[in-house]
């Protein structure tokens, strides 16, 4: 009786047609455990297969590196054996001069024989360097001093090129930065010194033309150009040189040089082969006494082997204008009355690739330092000497 009453109440609360709808909805919401298990099994199998392949590839890679390591170890052993045999065959004394115990003095740990060998080797090296410098200065002194006038005739094959390029460089150097072709940009300024550039890249290499203008007192244009041209004094102001050689003397105003420059790591070492020409030019202008120019330009006329260096190409000119300030009646010209306007122009092709940003940052830093160092050197060198016009 109780069961029947419960069933009756249930039918009153949930009619039959509603209970069937609810059952169908619940059936659709039920989890398909069989399907989910099959999906999980397939996914796990795929992951296991992929991991197995990765492990196999890593093992193969490890085996390859292991074989390479074994080869390198074997090669190193062979090289060590070869070095050992060569050392035994030609023994050389290696002297380590590190630390205070190896300095000269009564408590030095260096044996007398080793000390003598080290000192003798250093003296030989020093003598060799001094002899090279002496020969260079002797060669420079044998060359005649530059003349203020050009030779009447010169049959050298390079002479027409030298004359043409020098005249062009003199013309372009004396142009104001606002004249002529190109858009000059001021990139550095220090006192009276102004440095300009034009962005130029040739075959991906930075070859920016540069122009520096400054005015110094107490020297003449002839004196500045003499020091820039003459090989016997170049070592005194040029600190980038490793070696310098005068290959040929075309005339008293023109020389052909081969210069090897010090290496600046990590760039490759550079060298240059160029002719250098100095001349005076009388240009009519108020208060302008004279104009001197030194022009350096790369040449392939002389065959110089490259060796380990990268060959640079360049066109460089130093133009100097001498002005004499007004003098009191009866007074002689002194260095206080001299004013020299210096115009330095250069276009350099480094010969090998280097990052453009690095090269441009380098010349922005180095060019002002170079020009300042050179002008200060000329002023100090000529301060107590007779004026050279």
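With an a/c value of 1.5 or above and a/b not larger than b/c for the gyration tensor axes a ≥ b ≥ c computed over the alpha-carbon atoms, the stretch 177-304 is described as oblate.
Give me D for the stretch 245-389 in µm² s⁻¹, whole number, from Stokes-Einstein with Rh from the Kirkwood sum over alpha-carbon pairs, 20 °C and 1.002 mPa s. So the translational diffusion coefficient is about 119 µm²/s.
A short reminder: the numbers here are calculations on the coordinates, not readings from a lab. All values reported here derive from a predicted model rather than from experimental measurement.
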